[in-house]
Amino acid sequence: QVQLVESGGGLVQAGGSLRLSCTTSGFVFSSYIMSWYRQAPGKERELVASITDTGDSTNYADSVKGRFTISRDNAKSTVYLQMTSLKPEDTAMYYCHAKYVAYSNLDPYWGQGTQVTVSS
C-alpha cells in the first residue's frame, strides 16, 4: 500500500516556525520528485516547494522563497518542509506529493494533508 502521511502542522503565531514531515511507504521513494502543495479555503491548490529525487535541486513558490526550506531523507523515505517567518497568508492545508521521475504519465501520489494555521 502506498502511503504518504503528513505531520507537524498546527497553530502558530505570525513570525513563528513549523516543520512539516511527510513519511512515505509502499514505493521507491528515491525515484520520486517530492513536493509540498497547499490549499487555503476557497482557493486553488498551489505548489509550495519541490525537490528532486536526489535532493540536489529545489524549487519554491515566490511567496515562500527565503522562508521555507524543503529537504528529504531518502534513507527514511521522508520529505520535510521547514517553515520560518510564517505569515497569516501561509494558513492552509499542506499536502505531500510524489511524482515518479521516469514516467511523466504516471499519476502522482498524494497525502491527506496537515493543517497549518498562522495567527496574527
Checklist entry - What are the residues whose amide H is under 5 Å from the amide H of Arg72, where those residues sit 5 or more places off or on another chain and H is modelled from the backbone? => result Tyr80
Next on the checklist: Can you give me the distance in nm between label points at Ser119 and Arg19, each placed 7 Å from the Cα along the Cα-to-Cβ direction?
Outcome noted: 2.4 nm
Checklist entry - Taking H as built 1.01 Å from N, whose amide H comes closer than 5 Å to the amide H of Gly113, not counting residues under 5 places away? => result Glu6, Cys96
Item to check | Between segment 1-50 and segment 55-120, the alpha-carbon center distance in angstrom | outcome: 4 Å
Checklist entry - How large is ³J(HN,Hα), in whole Hz, for each residue of segment 62-69 in order, when computed from phi with the Karplus curve 6.51 cos²θ - 1.76 cosθ + 1.60 and θ = phi - 60°, using x for Gly and Pro? => result 4, 5, 10, 4, x, 10, 10, 9
Checklist entry - Each residue of segment 26-41 in turn: what ³J(HN,Hα) in whole Hz from Karplus with 6.51, -1.76, 1.60 and θ = phi - 60°, glycine and Pro shown as x? => result x, 8, 7, 3, 5, 9, 10, 6, 10, 9, 10, 10, 9, 9, 8, x
Item to check | 26 Å Cα-Cα reach of Lys99 towards lysines, excluding residues that sit fewer than 8 places from it in its own chain | outcome: Lys43, Lys65, Lys76
Checklist entry - What is the set of long-range amide H partners of Lys87 at a cut-off below 5 Å, with H atoms built 1.01 Å from backbone N? => result Gly15
Checklist outcome for this item: Arg45 and Thr58 label points (each 7 Å along its Cα→Cβ direction) are spaced in nm at 2.2 nm
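Each reported figure results from applying straightforward, stated rules to the coordinates on display, with no laboratory input. Just so it is clear, the model here is predicted, and its values are computed rather than measured. Cβ sites come from the backbone with ideal geometry, for glycine too, and all protein chains shown count toward neighbours.
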